[in-house]
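Before I ask anything, let me first share the structure, which is written out below as structure tokens.
The values are calculated or read from the model by the stated rules, or taken from the named source; none is laboratory data. This is a predicted model, so every value here is computed, not measured. Cβ coordinates were reconstructed from backbone atoms using ideal geometry, including for glycine residues, and neighbour counts include every protein chain displayed. The area values use the complete protein model at the heavy-atom level, side chains included, leaving out ligands, DNA and RNA. Shrake-Rupley method; radii C 1.70, N 1.55, O 1.52, S 1.80 Å.
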Amino acid sequence: MRVTPDLLLQAYAAGVFPMAESATSGRLRWIEPHERGIIPLDGLRVSRSLRRAVRNGGFEVEVDRDFAATMRACAAPAPGREDTWINEEIHRAYNELHGLGHAHSVECRIGGDLVGGLYGVSLGAAFFGESMFSSVADASKVALVHLVARLRRGGYRLLDTQFVTPHLASLGAIAVPRRRYLALLADAISREAGFYLGPLDPGESLHSTSQTS
């Protein structure tokens, strides 16, 4: 079955998302976790070292400069993750979704080179984080700080992380039961939000985040 942008948006609106069995597999699974990971938009936790990286780390943070390259980097093998759930069908479908304005990337560069970032899907006032990567320390975390600031400024209500990993938990992610998640989702997608209204200024990006040691 060909995954179309309309099918993807219908799936996200119903609380479901696709994952391939591997990078080379042609089979997709549609996932609906019993517990869903979210980062409350007023609950991002930022360590002192990450605050320094946001302010003084030398990262150039941009949005949607190269969505396709960000997806490719998220799918590339990394230590502890030799394979990925991002196959060619997912690459194609999400790039089409990006072309329609429903998928976005936040990218960190140093000297013009892409060194970290994330991408996800936007629907109403919900943003569904899909994947993130770093080739230098803290790059994906810096992208997340900027994403949260952008979502807060743009009037978003929900930041979905799919699952809660120890890494995401350290940044403030929590797990909510499916029923609660679906209520949050229904409220968020019924509202309007603006992805391009958010700031890229590091100071504003850190505003109202919680500091950890």
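Of Glu96, Glu130, which has the most accessible area and how do the rest follow, probe 1.4 Å?
So the residues, ranked largest to smallest area, are Glu96, Glu130.
Using a Gaussian network model on the chain with a 10 Å cutoff between Cα atoms, which of Gly194, Gly37, Gly111 fluctuates the most?
Its mean-square fluctuation being the largest, the pick is Gly111.
Could you sort Arg92, Arg36 by their accessible area in this structure, using a 1.4 Å probe and putting the largest first?
Ranking Arg92, Arg36 by accessible area, largest first, yields Arg92, Arg36.
For the chain, state the average projected area of the convex hull of the C-alpha atoms over all orientations, rounded to one decimal in nm². List each step's numbers first, then the result.
On the way: hull surface 43.4 nm².
Averaged projected hull area, Cα only: 10.8 nm².
List the relative contact order of segment 105-178 as a percent without decimals, with contacts defined as Cα pairs under 8 Å and 6+ residues apart. Don't skip to the end; give the middle numbers.
On the way: 102 pairs, mean separation 19.9, N = 74.
The normalised contact order for segment 105-178 reaches 27 percent.
In Å and on Cα atoms, what radius of gyration and Dmax does segment 145-192 show?
Cα radius of gyration and Dmax of segment 145-192 are 11.7, 31 Å respectively.
Run the 1.4 Å probe and let me know the accessible area of His98, rounded to the nearest 10 Å².
Answer for His98: close to 50 Å² accessible.
What does the extension gain come out to for Arg29 and Ser135, with contour length at 0.36 nm per residue minus their alpha carbon separation?
Extending this stretch completely gives an extra 35.3 nm.
Output the Kirkwood hydrodynamic radius of segment 1-105, Cα pairs only, in Å rounded to one decimal.
Mean inverse Cα-Cα distance, inverted, gives 16.1 Å.
Counting DSSP beta bridges in segment 82-173, what percent are antiparallel, to the nearest 5?
Within segment 82-173, antiparallel bridges account for around 85 percent of the total.
Next question, about the same structure. Accessible area of Arg65, 1.4 Å probe, to the nearest 10 Å²?
It works out to around 130 Å².
So for the chain, averaging the separation of alpha carbon pairs under 8 Å that are six or more residues apart and normalising by length, what relative contact order in percent results?
Details: 410 pairs, mean separation 62.0, N = 213.
Here the relative contact order equals 29 percent.
Sorted by accessible area (1.4 Å probe), largest first, how do Met132, Met19 line up?
From most exposed to least exposed: Met132, Met19.
About the Cα centre, and with charges only on the beta carbon of Lys, Arg (+1) and Asp, Glu (-1), how big is the dipole of the chain? Nearest 20 debye, please.
Taking the Cα centre of the chain as origin, the dipole is about 640 debye.
Can I ask one more? Provide the three semi-axes, in whole Å and in decreasing order, of the ellipsoid equivalent to segment 95-184 as defined by the square roots of 5 times the Cα gyration tensor eigenvalues. Each step should come with its number before you reach the end.
Values: eigenvalues 101, 58, 25 Å².
Computed over segment 95-184, the values are 23, 17, 11 Å.
Placing +1 on the Cβ of each Lys and Arg and -1 on the Cβ of each Asp and Glu in the chain, which of Ala126, Leu171, Ala186 has its Cα farthest towards the positive end of the resulting dipole?
Leu171
Would you mind telling me the antiparallel percentage of the DSSP bridges in the chain, rounded to 5?
Around 85 percent of the beta bridges assigned by DSSP in the chain are antiparallel ones.
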